[in-house]
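*Asks:* Here it is: the structure, laid out below.
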Amino acid sequence: QVQLVESGGGLVQPGGSLRLSCVTHGTLIYIWDMGWFRQAPGKQRELVASITRTNSTNYSDSVRGRFTISKDTAKNTVYLQMSNLEFEDTAVYYCNANYISTNHWGQGTQVTVSS
(Lines give C-alpha, C1' and ligand atoms only; values in the text may rest on other atoms or scores of the structure.)
Protein backbone atom coordinates (compact mmCIF):
# COMPACT_ATOMS: atom_id res chain seq x y z
CA GLN A 1 0.00 0.00 0.00
CA VAL A 2 1.39 3.33 -1.07
CA GLN A 3 1.39 6.08 1.53
CA LEU A 4 2.69 9.62 1.35
CA VAL A 5 3.40 11.42 4.62
CA GLU A 6 4.06 15.16 4.62
CA SER A 7 5.69 17.17 7.35
CA GLY A 8 7.35 20.52 7.90
CA GLY A 9 4.43 22.89 7.78
CA GLY A 10 3.86 25.59 10.35
CA LEU A 11 3.49 29.26 11.07
CA VAL A 12 6.05 31.62 9.55
CA GLN A 13 6.37 35.36 9.10
CA PRO A 14 6.43 36.96 5.65
CA GLY A 15 9.88 36.65 4.16
CA GLY A 16 10.58 33.51 6.14
CA SER A 17 11.40 29.99 5.00
CA LEU A 18 10.11 26.47 5.50
CA ARG A 19 11.04 23.10 4.13
CA LEU A 20 8.35 20.54 3.53
CA SER A 21 9.12 16.84 3.35
CA CYS A 22 7.12 14.00 1.84
CA VAL A 23 8.17 10.48 2.68
CA THR A 24 6.79 7.70 0.51
CA HIS A 25 6.02 4.28 1.97
CA GLY A 26 5.26 1.07 0.15
CA THR A 27 6.94 2.13 -3.06
CA LEU A 28 10.14 3.51 -4.53
CA ILE A 29 10.09 7.21 -5.26
CA TYR A 30 12.11 7.01 -8.47
CA ILE A 31 9.27 5.36 -10.40
CA TRP A 32 6.89 8.25 -9.80
CA ASP A 33 6.51 11.80 -11.02
CA MET A 34 6.23 13.76 -7.79
CA GLY A 35 4.52 17.03 -7.13
CA TRP A 36 3.53 19.51 -4.47
CA PHE A 37 0.06 21.01 -4.65
CA ARG A 38 -1.63 23.50 -2.38
CA GLN A 39 -5.17 24.49 -1.57
CA ALA A 40 -6.13 27.73 0.10
CA PRO A 41 -9.56 28.23 1.70
CA GLY A 42 -12.21 28.75 -0.95
CA LYS A 43 -9.80 28.01 -3.79
CA GLN A 44 -9.08 25.05 -6.01
CA ARG A 45 -6.09 22.85 -5.46
CA GLU A 46 -3.21 24.01 -7.62
CA LEU A 47 0.12 22.60 -8.70
CA VAL A 48 3.03 24.39 -7.06
CA ALA A 49 6.03 22.37 -8.20
CA SER A 50 6.80 19.03 -9.77
CA ILE A 51 9.78 16.79 -10.40
CA THR A 52 9.65 13.96 -12.89
CA ARG A 53 11.23 10.53 -12.79
CA THR A 54 14.03 11.98 -14.89
CA ASN A 55 14.45 14.95 -12.51
CA SER A 56 12.93 17.62 -14.70
CA THR A 57 11.37 20.31 -12.56
CA ASN A 58 8.51 22.68 -13.11
CA TYR A 59 7.09 25.53 -11.04
CA SER A 60 4.01 27.67 -11.04
CA ASP A 61 4.60 31.29 -11.92
CA SER A 62 3.66 32.38 -8.42
CA VAL A 63 6.49 30.46 -6.74
CA ARG A 64 9.20 30.29 -9.39
CA GLY A 65 12.42 31.68 -7.98
CA ARG A 66 11.25 31.27 -4.37
CA PHE A 67 10.51 27.54 -4.07
CA THR A 68 12.72 24.59 -4.94
CA ILE A 69 11.61 20.99 -5.32
CA SER A 70 14.08 18.16 -4.90
CA LYS A 71 14.15 14.49 -4.03
CA ASP A 72 16.38 12.01 -2.27
CA THR A 73 15.79 8.57 -3.73
CA ALA A 74 17.83 6.90 -0.99
CA LYS A 75 15.39 8.31 1.57
CA ASN A 76 12.30 7.96 -0.63
CA THR A 77 11.62 11.60 0.14
CA VAL A 78 10.69 14.66 -1.89
CA TYR A 79 11.24 18.15 -0.51
CA LEU A 80 9.86 21.59 -1.10
CA GLN A 81 12.15 24.36 0.06
CA MET A 82 10.12 27.54 0.38
CA SER A 83 11.80 30.90 0.77
CA ASN A 84 10.67 34.50 0.87
CA LEU A 85 7.20 33.34 1.85
CA GLU A 86 4.24 35.60 1.22
CA PHE A 87 0.78 35.86 2.76
CA GLU A 88 -0.61 34.32 -0.43
CA ASP A 89 1.38 31.14 0.17
CA THR A 90 -0.90 30.25 3.08
CA ALA A 91 -2.55 26.93 2.25
CA VAL A 92 -2.61 23.23 2.93
CA TYR A 93 0.22 21.66 0.96
CA TYR A 94 -0.22 18.17 -0.46
CA CYS A 95 2.30 15.76 -1.84
CA ASN A 96 1.35 13.80 -4.96
CA ALA A 97 2.80 10.77 -6.71
CA ASN A 98 1.73 10.15 -10.27
CA TYR A 99 2.39 7.35 -12.73
CA ILE A 100 0.27 7.34 -15.90
CA SER A 101 -3.29 7.26 -14.52
CA THR A 102 -2.46 6.36 -10.94
CA ASN A 103 -2.35 9.09 -8.31
CA HIS A 104 -1.56 9.00 -4.63
CA TRP A 105 -1.97 11.88 -2.19
CA GLY A 106 -0.70 12.68 1.24
CA GLN A 107 -2.86 14.00 4.02
CA GLY A 108 -1.54 17.55 3.70
CA THR A 109 0.42 19.91 5.91
CA GLN A 110 -0.68 23.41 6.82
CA VAL A 111 1.50 26.40 5.98
CA THR A 112 0.43 29.72 7.44
CA VAL A 113 2.22 32.94 6.60
CA SER A 114 1.28 35.64 9.08
CA SER A 115 2.83 38.57 10.88
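The values are calculated or read from the model by the stated rules, or taken from the named source; none is laboratory data. Small disclaimer: the values here were computed from a predicted structure and weren't measured. The area values use the complete protein model at the heavy-atom level, side chains included, leaving out ligands, DNA and RNA. Shrake-Rupley method; radii C 1.70, N 1.55, O 1.52, S 1.80 Å.
*Asks:* Per residue of region 96-109, in order, report the coupling 6.51 cos²θ - 1.76 cosθ + 1.60 (Karplus, θ = phi - 60°) as ³J(HN,Hα) in whole Hz, putting x for Gly and Pro.
*Replies:* 9, 10, 10, 9, 6, 9, 9, 10, 10, 10, x, 7, x, 9
*Asks:* What is the percent carbon and sulfur in the accessible area of region 55-115, measuring with a 1.4 Å probe over the protein chains and ignoring ligands?
*Replies:* Working: 1420 of 3150 Å².
Solvent-exposed carbon and sulfur of region 55-115 make up 45 percent of the total.
*Asks:* Taking only protein heavy atoms and a 1.4 Å probe, what accessible area per residue, in Å², does region 32-115 have with all protein chains in place?
*Replies:* 53
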